[in-house]
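Presented below is the structure to which this report refers.
Bear in mind these aren't lab numbers, they're just calculated from the coordinates by the rules spelled out. A quick note: this is a predicted structure, and the numbers were derived from the prediction, not measured. Every residue, glycine as well, gets a Cβ built from its backbone with ideal geometry; the counts of neighbours run over all protein chains shown.
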Amino acid sequence: MELIQQLVNGISLGSIYALIALGYTMVYGIVRLINFAHGDVFMIGSFVGFYAVTMLGVGFFPALLLAMAACAVLGVVIERIAYKPLRNATRIAVLITAIGVSLLIEYVMIYLRGAQPEAYPGTLLPKQNLELFGVVISSQSLFILGTSLVLMILLQFIVHRTKIGKAMRAVSHDAEAARLMGINVDNTISATFAIGSALAGAAGVIFGIYYTKIDPLMGILPGLKAFVAAVLGGIGIIPGAMVGGLLLGVIESLVSGLGYSLWRDGVAFIILILILIFRPAGLFGKNVREKV
Amino acid sequence: MLKVEAIDVFYGNIHALKGVSLEVNKGEIVTLIGANGAGKTTLLKTISGLLKPKSGDIVYEGASIAGKAAQTIVKHGISHVPEGRRVFANMTVEENLELGAFLRKDKDGIQQDFAKVFQLFPRLEERRKQLAGTLSGGEQQMLAIGRALMARPKLLLLDEPSMGLAPLLVKTIFRIIEEINESGTTILLVEQNAHMALSIADRAYVIESGRVVLSGAASELQASEQVKQAYLGGH
Amino acid sequence: GCGGNQQGGSSGGGGGGGDVIKIGANLELSGGVASYGQSIAEGVELAFEEINKEGINGKKLELVKVDNKSEAAEATNGAIKLISQDKVAAIIGSATSTNTLAQVQIANDNKVPIITPSGTSETVTVKDGKVNEFVFRTCFIDPFQGTVAAKFALDDLKVKSAAILIDSASDYSKGLAASFKETFTAGGGQIVAEEAYVAKDTDFRATLTSIKSANPEFLFLPGYYEEVGLIVKQARELGLNVPIMGGDGWDSPKLIELAGKDALNNTYITNHYSSGDPDPKIQEFVKAFQAKYNKAPDAFNALGYDTVYFLADAIKRAGSADPVKIKDALAQTKDLQLVTGTFTVDQNHNPVKSAIILEYKDGQQQFKTKVNP
Amino acid sequence: MAARTPLLKAEGVGIQFGGLKALSGVTMELYQGELVGLIGPNGAGKTTLFNLLTGVYVPTDGRIMLDGETLNGLPPYKITRKGISRTFQNIRLFGELSVLDNVKVAYHAHARHSIASSILRLPSHFRGEKEMEEKAIEFLKIFQLDGIMHEKAKNLPYGQQRRLEIARALAAQPKVLLLDEPAAGMNPQETKELMNLIAFIRERFALTILLIEHDMSLVMGICERIYVLDHGQLIAHGTPEQVRSNPKVIEAYLGEEVS
Amino acid sequence: MATWKRTRGFWVSIILAFAFFAVVQWLITSGTLNIFYVNTLFFMAINVILAASLHLIIGITGQFSIGHAGFFAVGAYASAIMTMKLQLPFAVGVVAAGVAAMLAGLIIGVPSLRLKGDYLAIATLGFGEIVRIVLLNIDYVGGASGMTVTHMTTWPWVFACLLITIMVIANFTNSTHGRACISIREDEIAADAMGINTTYYKVAAFAIGSFFAGIAGALYAHHFYIIQPSNFGFLKSFDILIFVVLGGLGSLSGAVVAAVLLTIVSTFLQNYPETRMIIYSIVLILVMLYRPTGLMGTKELSSLFKWRKAAQGGMNHGGKNTVA
Ligand SMILES: Nc1ncnc2c1ncn2[C@@H]1O[C@H](COP(=O)(O)OP(=O)(O)OP(=O)(O)O)[C@@H](O)[C@H]1O
Ligand SMILES: Nc1ncnc2c1ncn2[C@@H]1O[C@H](COP(=O)(O)OP(=O)(O)OP(=O)(O)O)[C@@H](O)[C@H]1O
Ligand SMILES: [Mg+2]
Ligand SMILES: [Mg+2]
């Protein structure tokens, strides 16, 4: 019973990771950029949602949409200012800029409102605990899992079935050739950032509702975990991010549940490294041998 | 139809094109020959908007297109088959072709062009769902050309379409180039395989270290001693 | 100047000459525990403002802050800068014990007193049985609160079994847990589960699930409100409805928002003071704080505030801005009435003050008992 | 001739990529001093065979032998040290390194000074480095690259990059040299010069050369024997004349009439 | 004669270095340099050692490692155990730090044989976190509260370690072994095909790099009074990475210059406690935007003096085989 409860705990935790990892892996897959600022966009989303609810007094859905819109704009602005000038630079140079952007967002936020946490109002989403054979499942965690699944399917659809998705993939393989097809590379990348960041914003609001506490540095750890989840699933592979996130959540819960909560991240990383050694391109990545 | 007027192109400090001028008339096949690093690819990239000329002008159907973005130039009817094929490796043949028609909205026309491309390259129809990266070199070249045709270009820029291809395929490709031309598309062709290129072209330019050094009717150049010495392997 | 130390005088610093006494604050303004450091800074700034209305011995206090990024090495760097460049008369030390420990040697070597508002670890002031001459603190030391909590659980709540959940990244939490465990088991209680988390975690369900399955009658949860709020909330969601108790780290208005009023019922804390205490000193502080920051103060705010008054009292008594004299005066502090209690500094440089026990009822702190040391 | 043992031998080698059988049952022999061509349609498996011979891929069946010693499963660097080196179809130079250093890298396997001697700057380090530099420059002279030896490799024009690749492969001091489409992207005149260069180095270094090329003028012009691959299998092999008139080769590769 | 010519640059730098040492030593002993400057100097030197050691792994060998703080931590703790727990002399601590970190480097070198690019990055990041978490859970070294360490780091020690680090890494790089590593960075498959034992050199780069990170750890532990696992998290690894990239990937002098400058910037920013991190991050972004190849690009300082003709370092901008 406890085991099942731990699995349930792990899946709800993992859905949150997955939710953040989806946007992460999308940007990552298309632009090949480790966007370390993703976790901070997530944080901004969370705060936008919070202020929308507490100051504008709106409900859940308007707050969610507002956060997503604000984050989409933020994502595009970040891309235009900080990443676009570096299109031809090494990826590691962009990574450093991304770290810079991440610090900037965090500390501007702290400068503006301090580092202390904020508590999300608990009344936004109806909340019920389902008890099944002694296992407690909160309606919110079902909601999160559902949201992640829907978003995953939606993203997968966008990237693989729509015109903009095809443009995104073309840009990711070969931006110059994509330009020759008439694709506006800058707009496509902006669209990628907008979608990815909007997802981060949504995740931020949902995180706030589920965990209550939000603060300016809240994005660092989930951002890192989402990065891990995205790599675990295979870079750029959307269902991979979902599975990677869930797996990470379940591993963490099981380790904590066994009483080794301090070893939690350690075990998660050991498993991660082992998986990578046996599947060097992540769980879902095809390990294509470079054609020589 | 296309008029390149004294353009200069730089890569950083490298002066790759030095006052190059050339002209392509409607319905022609014009070929550009020259040694490695002469600047042929650079010229095509400048025409299609991937590079911006520092000075000079490019006039296409009466309007200047110099310095415009590549995606705008495609809209005007210039398609570029880049050097090294550059197909989208992780996408299927079909998706690659669809991307060729990215800017078009006419569903019916696109369907017609699909049929046309498959008629030119039956091999591509067989491989419709295959990932482009797993095609052989010749098939990828066909795909690259087919993809460019999907934009219904009036002017097709071809950069070394025969590079790395087996002799049989080289012949096929050249035959197809002539077919495309006959169906009304103007062609600017860059080739190392000067024999073949000159034999299908109407006119030719010889480019050397970023300068046009010779031009004229293809047959004339083919007969010229100078060209023979430098590009056709003597005799 | 009366301090005898002109600017650039002795290598031991001197707090500046002229009409100001420079006081350093070496705080966690960024990095992992920035929220603690910033809260202390708020309290400190409020106190500076109040004191500077009149000044001390005719001088004004000048605050020089440095940010130690929540890192020990930066705390050392910060202390060195404050002492050698700014020549402060005293340093208000860092929020955590570790970051304070990183400055102890510098303080002793350069003979500048340092007071940590919230570094509770015993080793901050005493090393190998020897008192660190220049180091002081405003807060409790760990054992006291843990002992009080254990006694309360055994005698008042009458529980026989308890689980402990600590913040493994915090000396404070560990120290409280250790003393709680000692007193609780000595009094016949049984510890049925000991678990830990790491500060900044947000999901404690896995750990709480395993605590729940150990069926404790009581949960001791020494930690800071940021995590405690979430733990209490998640514990109640998982159906863990036993009484929960913690220390002064809980004390923050945010706790009530984080955990929710209902979840907080049946929880208790040990604390220095209650912000609801009618004592005018406390009420004045709460009012002033509310006016300046538009929010209710938490424990860090209060400790930061008190640290300044603790220091100011010593400067006044020393009649000088000489760091060594200030140090002597600090060591002789007696029955000083502050917001977080009335205290006397003992020979180990720890404040001796009484603790109170508060219960949360519908989101309000209610006074239960007062325990003298 | 039949009595001689082959220097390099592939015995029924094959490899599978996922579902694709890229090569199967390929048997090929190279004798000391020969210059052999390998042709076939695009995707026939020519480059793949090179990859097997040099250890980049491990064959799923068959054996590869150099001088009677089996090479299967050896990592590429060991195979290179045993005497097979190659160029790549898509040029793979060390772009940020200078032309000189590119060649020096290939000498590394023959360097005798240890990491410790380099760190401590012992005399053996200086001796070793000096020797490398001299040898490398010698090679660059042969390829007329000595004038640009301090340029970064990535800044060279294409033709020089191709030449540098060959120079680098030679610097590894192989017995067998594998050239993958060395004339790709060259015009007929440049191809002709390359042909002379290949003939020259073969004499000078007593090399055995296996060459992939689509340019028939080059292949038919300098190769003594030619193997033809199609769909991963050998379909013909013989002298240029035999291959040229082989109907299977004409159908799969050359096209009807050939000059 | 010829040898003298080749080594002239080398010996001139050594003599200059010792002159610098003597001057600083005199300033310290005479009290001209107050503790603030001495402290900044030490911190700078530690950062330089860290930067140089990571430069060997990322800049030269092209192995995208973002868990360097892990090696740093291993060194810090190993030396602290030697001096504080076992009461051995500082020298033993320093050597033990290097050796222990090197062993850790060998361990993490192994996954690097199979993983590339971002996947390797994640594995090294994971490794760094594992080190931190292990330390967090060992009560012998104080767990989360860390270990207090006596101050033993002195200027001669700092100088000696710094000099040896720079010398070893520079000499290694400017030899056939360094070229072997660079060739791996540029194109691993081609390097392999040219007879380079890529496995050996990748592991060697990790081993040497982590050895010096360990040395830096020893100096750090015995300078900052207390070490604590939380100071060695991934953000610390990023700090070191920033030195290397900001200086110019592939340029040793770049890494050194960046480490020195950023230490100065960071010290200077102490005067702006509230906006410190904001200014720092803006500096970071602006430098990368205006100098995407880093402060020094791929050049070495020495090339400014024409001691060497050919450019050694630098990343391939094509990206197909480069890190990240
Ligand atoms: N991205 C670049 N950066 C710097 N220089 C370049 C770049 N691309 C080309 N060049 C230089 O510009 C000149 C012209 O190159 P270009 O590619 O146009 O030649 P080409 O005639 O197409 O040669 P090839 O037959 O090899 O394709 C050459 O000297 C080349 O080295
Ligand atoms: N690493 C790989 N993974 C999957 N398939 C591969 C790989 N390498 C080669 N192939 C496949 O094996 C077949 C043979 O490829 P190869 O590169 O050997 O052809 P080739 O004869 O050299 O052709 P070309 O003349 O075009 O260079 C092709 O179908 C190719 O797609
Ligand atoms: Mg070209
Ligand atoms: Mg090939």
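Things to note:
- Phi-derived couplings, Karplus 6.51 cos²θ - 1.76 cosθ + 1.60 at θ = phi - 60°, listed residue by residue for region C:273-281: 7, 10, 5, x, 4, x, 2, x, 4 Hz, with x used for Gly and Pro.
- For residue C:327, the lysines whose Cα comes closer than 18 Å to its Cα, not counting residues fewer than 8 places off in the same chain, are C:22, C:87, C:111, C:127, C:130, C:316.
- Put a dot 7 Å past the Cα of residue B:213, heading toward its Cβ, do the same for residue A:131, and the two dots end up 9.2 nm apart.
- Per the Debye formula on identical point scatterers at the alpha carbon atoms of chain A, with no solvent, log10 I(q)/I(0) at q = 0.07, 0.08 Å⁻¹ is -0.26, -0.34.
- Average projection, convex hull of the Cα set of region C:57-99: 3.3 square nanometres.
- Each part gets one Cα centre, and for region B:157-226 versus region A:8-66 those centres are 55 Å apart.
- Each residue in B:113, D:180 was given a count of other beta-carbon atoms within 10 angstrom of its own, and listing them fewest first yields B:113, D:180.
- Placed amide H near residue C:21: partners under 5 Å, 5+ positions off or other chain: C:60, C:61, C:62
- Which of B:191, D:181 has the fewest Cβ neighbours within 10 Å, and the rest in rising order: D:181, B:191
- Cα-Cα over 30 Å, subset of C:287/C:370; B:45/E:116; B:45/D:152; A:213/A:286: B:45/E:116; A:213/A:286
- Translational diffusion coefficient (Stokes-Einstein; Kirkwood radius from C-alpha pairs) of region D:1-61 at 4 °C, 1.567 mPa s, in µm²/s: 104
- Think of it as helices only: each DSSP H run of n ≥ 4 in chain A is worth -39500 (n - 2.57), and spread over all residues that comes to -24000 deg cm²/dmol at 222 nm.
- What separates the Cα centres of region B:68-129 and region C:60-96 is a distance of 66 Å.
- Over all pairs of different C-alpha atoms, region C:235-373 has a mean inverse distance whose reciprocal, the Kirkwood radius, equals 16.5 Å.
- Annotation: average projected area of region E:173-282 is 8.8 square nanometres, based on the convex hull of Cα atoms across all directions.
- Centroid-to-centroid separation of region C:286-354 and region C:169-221 [C-alpha atoms, Å]: 32
- Using the alpha-carbon positions of region C:76-197, Rg (one decimal) and Dmax (whole number) come out as 17.6, 56 Å.
- Cβ crowding within 10 Å ranks E:53, E:210 as E:53, E:210, fewest other Cβ atoms first.
- Enclosing the Cα atoms of chain E in their convex hull gives a volume equal to 143 cubic angstrom per residue.
- Chain C: C-alpha gyration tensor shape, a/c 1.5 cut-off, then a/b vs b/c: prolate
- Spin-label model, residue E:106/residue E:160: points 7 Å from Cα along the beta carbon direction are separated by 2.5 nm.
- Within chain D, all pairs of alpha-carbon atoms sorted by distance into 5 Å bins from zero give the percentages 1, 6, 13, 16, 18, 16, 13, 9, 5, 2, 1, 0, 0, 0.
- 3J(HN,Hα) along region E:95-106: 5, 4, 4, x, 5, 4, 5, 5, 4, 4, x, 5 Hz, from the Karplus curve 6.51 cos²θ - 1.76 cosθ + 1.60 with θ = phi - 60°, whole Hz, x for Gly and Pro.
- Cα-based shape type of region B:8-156, given that a ≥ b ≥ c are square roots of the gyration tensor eigenvalues and the cut on a/c is 1.5: prolate
- Sequence-separation-based contact order of chain A, relative, with Cα cut under 8 Å and 6+ spacing, percent: 37
- Alpha carbon convex hull of the protein assembly as shown, projected area averaged over orientations, nm²: 57.5
- Only Cα sites of region D:63-194 enter the Debye sum here, all with the same form factor; the resulting log10 I(q)/I(0) across q = 0.12 1/Å is -0.52, listed in q order.
- Reachable aspartates and glutamates from residue C:292, criterion Cα separation under 13 angstrom, eight or more residues apart if same chain: C:42, C:45, C:49, C:50, C:284
- Excluding exposed DSSP-loop trypsin sites (Lys or Arg not before Pro) (at most 10 other C-beta within 10 Å), longest clean stretch of chain E: E:1-305
- Gyration tensor (alpha-carbon) shape descriptor, region A:161-249, a/c threshold 1.5: prolate
- Contact order for chain B, expressed relative to its length and based on alpha carbon pairs under 8 Å spaced 6+ residues apart, stands at 27 percent.
- Using just its DSSP H runs of length 4 or more, each adding -39500 (n - 2.57), chain D gives a mean residue ellipticity at 222 nm of -10500 deg cm²/dmol after division by all residues.
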